[in-house]
Amino acid sequence: MSGPRVLCIAGSPRRGCNSDRMLAALVEGVAGAGGEPVRLVVSQSGVQPCNGCNSCVRTGVCIVNDGMHAVYDALDSADAIAVATPVYFASVPASLKALYDRCQPYWGRRRHDAAAVAPKRPGCLLLTAGGGDPFGTQCAVTSTRSALAVAGFSIDEVIEAVGVDEPGDIERFPNHLEQAGQAGEGLVARASAGR
Ligand SMILES: Cc1cc2nc3c(=O)[nH]c(=O)nc-3n(C[C@H](O)[C@H](O)[C@H](O)COP(=O)(O)O)c2cc1C
């Protein structure tokens, strides 16, 4: 049997920078622990914003025909999840927030069929932030927890690298990169225990 599939979501529209680097460390941890990392780059996934039509609340299915349907498949087949994202105005970048909003069909399904509520799978959030905003990072954490709870994940570990802005700044925080690697190993361990 292959190791647990860990869906690894890159939330920054800026490629190869701080949050991507943290995610790479987590991916290494996942692979090293025998898990199967599955990468998803939100800015390249063709996910449009929710239009609020509410048809999914009745049917459990989204009528917007775009890249989100591949994301639903990835969410459904994952044994664990990791999201790496910068903080944008205390929350997450718009493209990632669009993906979160498109989790509304899971809400619809849960309302109609309690049996559709799967046991929660483990999750981890990796945040990078410049740190200059007095409104902090809590909104990014809460928004991630809320959307992914509906999709069937529990974000039980959050690693925040605050004080990183320019590309490469994250390299000044080797402890956070090490923590991210360990978080990847931990996801594999928790997902294996839940199988
Ligand atoms: C549009 C925008 C909004 C931002 N808002 C915040 C913020 O509210 N709080 C914060 O600490 N940093 C903020 N930042 C800084 C980013 O979180 C920081 O540069 C982060 O390390 C970028 O991650 P990346 O290198 O993976 O793209 C913002 C950056 C941008 C471009």
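No lab work stands behind these numbers, since they all come straight from the coordinates. Fair warning: this is a prediction, and the values are worked out from it, not measured in the lab. Methodologically, a virtual Cβ is constructed for each residue, glycine included, from the backbone with ideal geometry; neighbour enumeration extends over all protein chains shown.
For the reader, a short list of remarks on this structure follows.
- Per-residue Cβ neighbour rank within 10 angstrom, fewest leading, Thr59, Thr144, Thr137: Thr59, Thr137, Thr144
- Within the chain, longest stretch free of exposed chymotrypsin sites (Phe, Trp or Tyr not before Pro) [DSSP loop, at most 13 other beta carbons within 10 Å]: 1-88
- Sorting Asp101, Asp156 by the number of Cβ atoms found within 10 Å of their own Cβ, with the fewest placed first, yields Asp156, Asp101.
- A simple spin-label model places pseudo-atoms 7 Å from Cα toward Cβ; at Gln48 and Asp76 they are separated by 2.1 nm.
- Under 5 Å from the amide H of Glu36 lie the amide H atoms of Arg5, Val6, each residue being 5 or more positions distant or on a separate chain, with H modelled from the backbone and absent for Pro and chain starts.
- In the chain, helical runs assigned H by DSSP with n ≥ 4 each contribute -39500 (n - 2.57); averaged across all residues and rounded to the nearest 500, the mean residue ellipticity at 222 nm is -12500 deg cm²/dmol.
- Using the Karplus relation 6.51 cos²θ - 1.76 cosθ + 1.60 with θ = phi - 60°, the per-residue 3J(HN,Hα) values for segment 122-136 come to x, x, 9, 10, 10, 10, 10, 7, x, x, x, 9, x, 8, x Hz, with x marking Gly and Pro.
- Secondary structure note: in the chain, about 5% of the DSSP beta bridges are antiparallel.
- Taking label points 7 Å from Cα along the Cα-to-Cβ direction, Ser2 and Ala90 give a separation of 4.2 nm.
- Residues with amide H under 5 Å from that of Glu160, placed H, sequence gap 5 or more: Leu127
- Note on Ser192 and Arg111: with the Förster distance fixed at 25 Å, the Cβ-Cβ geometry gives a FRET efficiency of about 0.20.
- GluC sites (Glu not before Pro) lying in DSSP loop within segment 96-195, provided at most 10 other Cβ fall within 10 Å: none
- Going by neighbour counts of Cβ atoms within 10 Å, the residues Arg145, Arg172 line up, fewest first, as Arg172, Arg145.
- Between Gln182 and Val162, the contour length at 0.36 nm per residue exceeds the Cα-Cα span by 5.3 nm.
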